[in-house]
Amino acid sequence: MKRFLHIISLGCLLAMSACEIPFEIEQEGQPKIYVQAIADQGVGVISIKPRYATPIGQEPLEDVDYEATLEINGENVPLTGGGPNPFLCRHTLSEGDEISVKVWADGLPAAEGRTTMVPTPVITDMTWEEVQADTILATRVHLTLQHAPQEGEHYAIQIMVRTSITYLDGNTVEYLSYTVPGYALTAAESGVLNLEDFLQVNYSHGSSLGGEEYQPLTLLEMKHFKGNEYSFYLNSYDQYLLEALRENMPEEDTGIAGGGIASGNTGGQLPGGGVPIDPSRIPIGMKTTYFFYMYRLSSEFYYYAKALYQSNFDFLSNMGLTPANFTYSNVRGGLGFVGAASCAAPQELVIEEPLIGENAYL
Amino acid sequence: MKKEFLLSAALLLLCSLASGQIKTLQDSLDAARITAVREKMKNTTQTGLMRLDAKELKSGVAVFGTPDVIKKLQLLPGVAAGNELMSGLYVHGGDGNDNLFLLDGIPLYNISHFGGLFSSFNTDVIDNLDFYKSGFPARYGSRLSSVVDVETREGDMQRYHGSFSLGLIDGRLQFEGPIVKGKTSFNLGLRRSWMDLVTTPAIWYANRRNGDDQTVGGGYSMSDINARLTHRFAPGNTLNVCFYTGSDYLRASQEEKQYDQEGHRGENLMKIGVKWGSLTSSVSHQYELSKKLRMKNVLYYSQSTSNTAYEFRFWSWNEGEQITSMEDANKAYVREVGLKSDWEWTPNAYHRVRYGLSAQYHWYHSGRSFISSSPGADGTASTLEDSESMGYRSLEPAIYAEDEIFLRYNFTVNLGLRYALFKTGSKLYHSPEPRVAFKWLINNSLSAKLSYTRMSQFAHLVAAMYMDLPSNSWMPSTDSARPMTSDQVAGGLYFTPHKYWKINLEGWYKTMNHLLVYNGSNTFTPPLTEWEKSFTEGKGKSYGMELEATFDNGKLSLSAYYTLSWTLRNFEAIYGGWFPDRNDNRHKINLVASWHFAKNWNVFANWNYHSGNHITFPTHFIEVDGKKRYLYDAPYNTSLPDYHRLDVGLDWCKTFRNGHSLDVNLSVYNAYNHLNASMAFLETREDGSFYGMAYGLIPIIPTITVTYKF
């Protein structure tokens, strides 16, 4: 019996190893120009970032000098920069402007793409409320647009957070970070998880898409809006930050954790008979300013951003089990995209929270 | 005694002579059939039609011991098979979900068992099959790419007979005969897999050994029942009642009892149950009103259902009695009630007119529920409960008419028009579909044909994956999911240089509009609510040529098929231009041989070759912040290694004195054990160069099938 099992195991092993079929990839091996051209009406800038796209299997070269032309509504527009650096153009853009980009370099096929400037969304109202669900207290924000998004229109939101923490010694430290709109507050509210609601790619305002720096841009479509209103939660960031602050508190028995400390500058000596501590380590107040950037995106921008997300996270597609939906490009002769974005005037939400005293978090 | 013996011997001699006569008669009938089919194909205006009879469908390699209709069709030119061993049928660049499968005229929505390993058609009861790839007659509609019209056989009106077959994983029983001799007959076919009969006792034994702490369960079974009742009121006046049901049932469970440090007992549980299948029933009446006019009326019901459910329970013994559980259930169905009335009128020698109408009422439903419970931080259970469902009702009436007009100088033209309406909710679509075919009989052995057809399809398969999963569901065209349409021009030369030879050369050009492709991420099942938004719309086109050469003298049959084709897609949201389809197989060659080399012996072989399916590999990279980012110049930019496979088989037949016979079929699928690529990944060598690593899954599969005919 044992011998039989050994033979079976050996057979299985042979069968498994025989399953692998290495094969050579027949690819053209032609280097191409990768272009990221973004026309951002809010910033009033058109940036064109060419890169040398190395064919798989070849060593990357030092970047080359590029040349580029930009046409807006058929007219040539001067560009600054260039060579190995990005091209820039400051230009007042309007809805419907036709933008054409062409980039070329010695020994590389020219890359061309075009897009149309999208209208700028207008936020007419912003409201917010505190929401209690289970044990979580969160802020729910409602942004109202002037026009309700329509089928086929693409939007995105980016949330920048400026956090100012004031310490007991009077110093204030500011942090700049980004967060994402909370889709749901509780498991019960989220319903069946739909990954389409979490399409996020990094976007550096008017400059580059898909960089490594955490600047998440959340892609939105009509289905994410209720009429002309988009609602979301702000909870995760605060929770994490407060947790981090709590962990950084001194371990001495300050009595802070138990509350009951009067607010105000105590000059390093806490009332209640506690031992002296370093006032530069005691946060007493936190002011968080949220900046909500609502974008309208051109189809090319949206499709490319979605493809970027899917190439990073869609393992089923990458295994060839579902359609390959991560290959979008509208650049002829090259790779990348030429797209347009237009950002509404950012909305600000300021939330001030005492960190010590009655009803404080810490 | 001696007299009786002599009488018996004489009877036996007569029987054996008669069987020899019958055999000779059968051979001559076969030859006549072949000639008749060829003549018919030569004389009709029809392009892209292959007609297969029961004998052809049952002969050849039977994978797992079951002759399979779809795998037979996959061998034909102009057809791509998709995933190996599955029931994929990608005809002239189609999507695989755009084929009209008719069983006795009734549409079947689900045509496969076990994820596509077998088709639902039991060859024991099939009389013939017409497979249309182009030049669709006006009586067919509602699918873009092909029509597979399967007709079951009327039961024998004179005597009872049947067969019993045992294959590698299933058994089949077929029985037919008269209910009232010469007037009423039945034909019954049953098929069931018997794997669960082996796995059930094995699981029982394993559980007994494991004791109470661990229990496993599971099994898979599939079954089919085909039944046909025929009553002849008079010659040319026949009533048929047809019934089919097919189902699959897969279940698996594992229960594990565990104890924590304090001796508390808990359990982990996993349970999966999947059940899916189809059911059709129909009543049809054929009546020959006169020599010039006949009609066929059919009333039918068809449904396809799928139910999947799973349940997981994880007991966390370190934290006491806390339980994490998850339950998920999917239920989907499509139901259809239909009425068809087809008429054929031959007013004179120059016209053959067909006309008719049909109306179908559909119910589409897909529902999903989900309950999850997990211990919260404060020890209380946090429960997530949600469900979603989508349901539609739709009406699809259509009328059609076609006239085959025999003109002078050996020209024949078939002019047809189908007009279909589709109403779902408040949305009404209408689709005029012209059908034109033209034939020129150049001489007795050569004809030329040309056809143009427009087709539309109002049903969409909501599937995320390239697999025939039970969780896939059908949905109708809606406000935002428009009906798919196709236009196809096909033409060719049809040459019969000798009564045993046939050479056809056909070409086609086909465009498809409003195709849908899944454009979501990382899910086996697309969302149901607003399902259209998970799909993106695009276009497709396919063109190519097919060459078919066959020799058949009744004993030796040789066929060679070659296809040269291009299949492209254009989905704006995925890629800004045309790109190859996943099944864009540039070359396809099939060589099929069958040799009746001795009495009772038949040997056969077929060799299949096609260019590899396409996958998407990165073609370039850039460096962003010191990291490589891979870029793709187009979808499906890389071909997998070419596919090739040889199947061989042997039939042996022994006829007994009582007229019963024993057939043994020995088949070897993938005889030289060439593992063909199913999926692939990009790999890097030590020197930094790249190569593809494909994985083959299907090795050599020998099977034996024993059939006893009585």
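The values are calculated or read from the model by the stated rules, or taken from the named source; none is laboratory data. Note that the structure is a prediction, hence the values are computed from the model and not measured. So basically every Cβ, Gly included, is an ideal-geometry build from the backbone, and we count neighbours across all protein chains shown.
Looking at A:GLU95, A:GLU130, can you tell me which residue is surrounded by fewer than 18 Cβ atoms within 10 Å (Cβ to Cβ), under 30 Å from A:SER231 (Cα atoms), in contact (Cβ under 8 Å) with a residue 12 or more places away in the chain and acidic (Asp, Glu)?
Sole residue among the options that is surrounded by fewer than 18 Cβ atoms within 10 Å (Cβ to Cβ), under 30 Å from A:SER231 (Cα atoms), in contact (Cβ under 8 Å) with a residue 12 or more places away in the chain and acidic (Asp, Glu): A:GLU95.
Going by the structure shown, is B:ARG582 in a loop (DSSP other than H, G, I, E, B), basic (Lys, Arg), surrounded by 16 or more Cβ atoms within 10 Å (Cβ to Cβ) and within 11 Å of chain A (Cβ to nearest Cβ)?
yes
Within the stretch A:261-355, which strands (runs of 3 or more DSSP E) (wholly inside it) include 2 or more residues that are out of contact with any Cys (no Cβ under 8 Å at 6 or more places or on another chain), at pLDDT 75 or above and closer than 25 Å to B:SER639 by Cα?
Where strands (runs of 3 or more DSSP E) fall fully within the stretch A:261-355 and carry at least 2 residues being out of contact with any Cys (no Cβ under 8 Å at 6 or more places or on another chain), at pLDDT 75 or above and closer than 25 Å to B:SER639 by Cα, they are A:335-343.
Could you tell me which of the residues B:TYR695, B:TYR669, B:TYR691 is in contact with a Lys or Arg (Cβ under 9 Å, 6 or more places away or on another chain), at negative phi and in contact (Cβ under 8 Å) with a residue 12 or more places away in the chain?
Of B:TYR695, B:TYR669, B:TYR691, the one residue that is in contact with a Lys or Arg (Cβ under 9 Å, 6 or more places away or on another chain), at negative phi and in contact (Cβ under 8 Å) with a residue 12 or more places away in the chain is B:TYR669.
If I go through the stretch B:203-219 residue by residue, how many of them are more than 11 Å from B:GLN254 (Cα to Cα) and not in a helix (DSSP H, G or I)?
Total meeting the criteria: 3.
Suppose we keep only residues that are buried (at least 18 other Cβ atoms within 10 Å of the Cβ) and among the β-branched types (Val, Ile, Thr) within the stretch B:504-535. Which one would you say is farthest from the chain's Cα centre (by Cα)?
In this case the residue turns out to be B:THR523.
Go through the stretch A:219-237 and count every residue that is away from chain B (no Cβ under 14 Å), of a type outside the set (Phe, Trp, Tyr) and not in a loop (DSSP other than H, G, I, E, B).
Looking only at that region, the number is 4.
What is the one condition in (1) free of Cβ contacts under 8 Å to residues at least 60 places away in the same chain; (2) within 24 Å of the chain's Cα centre (by Cα) that B:GLY236 does not satisfy?
Here B:GLY236 clears every test but (2).
Quick one: what pairs do we get from the stretch B:265-294, first residue without any contact (Cβ under 8 Å) to a residue 12 or more places away in the chain, second not in a strand (DSSP E or B), C-beta under 9 Å, 6+ apart or different chains?
Note: pairs meeting the criteria are B:ARG265/B:TRP317; B:LEU289/B:GLY236.
Go through the stretch B:429-445 and count every residue that is buried (at least 16 other Cβ atoms within 10 Å of the Cβ) and closer than 24 Å to B:THR478 by Cα.
Going through the stretch B:429-445 one residue at a time, the tally reaches 3.
State whether one or more residues within the stretch B:410-423 are surrounded by 16 or more Cβ atoms within 10 Å (Cβ to Cβ) and assigned to a loop (DSSP other than H, G, I, E, B).
Checked against the condition, which is being surrounded by 16 or more Cβ atoms within 10 Å (Cβ to Cβ) and assigned to a loop (DSSP other than H, G, I, E, B), the stretch B:410-423 yields no hits at all.
Residue check: is B:GLY554 touching a helix residue (DSSP H, G or I) at 6+ places or on another chain (Cβ under 6 Å), modelled with pLDDT under 95 and more than 11 Å from chain A (Cβ to nearest Cβ)?
Yes; evaluated as a whole, the condition is true for this residue.
Which one of these does B:ASP651 not meet: (1) touching a residue at least 12 places away in the same chain (Cβ under 8 Å); (2) within 30 Å of A:LEU108 (Cβ to Cβ); (3) in contact with an Asp or Glu (Cβ under 7 Å, 6 or more places away or on another chain)?
Answer for B:ASP651: the failing condition is (2).
Among the candidates A:THR120, A:THR124, which residue alone is out of contact with any helix residue (DSSP H, G or I) (no Cβ under 9 Å at 6 or more places or on another chain) and part of a loop (DSSP other than H, G, I, E, B)?
Within the list A:THR120, A:THR124, the selection yields A:THR120.
If you scan the stretch B:341-374, which residues turn out to be outside any strand (DSSP E or B) and hydroxyl-bearing (Ser, Thr, Tyr)?
Correct list: B:TYR350 only.
Conditions tested, residue by residue: (1) farther than 26 Å from A:THR54 by Cα; (2) at the interface with chain A (Cβ under 9 Å from one of its Cβ atoms); (3) surrounded by fewer than 21 Cβ atoms within 10 Å (Cβ to Cβ); (4) charged (D, E, K, R).
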site	(1), (2), (3), (4)
B:TRP607	yes, no, yes, no
B:HIS610	yes, no, no, no
B:ILE615	no, yes, no, no
B:LYS627	no, yes, yes, yes
B:LEU631	no, yes, no, no
B:ALA634	no, yes, yes, no
B:PRO641	no, yes, yes, no
B:VAL648	yes, no, yes, no
B:CYS653	yes, no, yes, no
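Can you find, within the stretch B:675-710, the residue that is surrounded by the most Cβ atoms within 10 Å (Cβ to Cβ) among those that are farther than 29 Å from B:ALA605 by Cβ and more than 8 Å from chain A (Cβ to nearest Cβ)?
B:PHE710
Considering only residues that are among the β-branched types (Val, Ile, Thr) and more than 22 Å from the chain's Cα centre (by Cα), which ones fall in the stretch B:144-197?
Residues satisfying the conditions are B:ILE179, B:VAL180, B:THR184.
Do the conditions hold for B:ARG139, that is, is it at pLDDT below 95 and either in contact with a helix residue (DSSP H, G or I) (Cβ under 9 Å, 6 or more places away or on another chain) or in a loop (DSSP other than H, G, I, E, B) (or both)?
So B:ARG139 fits the description; yes.
B:LEU650 - would you say it is of a type in the set (A, V, I, L, M) and under 25 Å from B:PHE64 (Cβ atoms)?
Yes.
Could you tell me which residue of the stretch B:518-574 is nearest to B:ILE589 (Cα to Cα), considering only residues that are in contact with a Ser or Thr (Cβ under 6 Å, 6 or more places away or on another chain) and of a type in the set (D, E, K, R)?
Among those that are in contact with a Ser or Thr (Cβ under 6 Å, 6 or more places away or on another chain) and of a type in the set (D, E, K, R), it is B:GLU546.
Take the residues of the stretch A:50-74 that are more than 7 Å from every other protein chain (Cβ to nearest Cβ) and of a type in the set (Val, Ile, Thr): which is nearest to B:ASN637 (Cα to Cα)?
A:VAL64
Looking at the stretch A:19-44, which of its residues are under 29 Å from A:THR92 (Cα atoms) and modelled with pLDDT under 85?
Result: A:GLN41, A:GLY42, A:VAL43, A:GLY44.
With the requirement that a residue be in a loop (DSSP other than H, G, I, E, B), within 14 Å of chain B (Cβ to nearest Cβ) and under 30 Å from A:TYR302 (Cα atoms), what does the stretch A:130-169 give you?
Selection gives A:PRO149, A:GLN150, A:GLU151, A:GLY152, A:GLU153.
In this structure, does B:ARG209 turn out to be crowded, with 18+ Cβ neighbours inside 10 Å and of a type in the set (D, E, K, R)?
no
Give the number of residues within the stretch A:307-316 that are more than 7 Å from chain B (Cβ to nearest Cβ) and buried (at least 24 other Cβ atoms within 10 Å of the Cβ).
1
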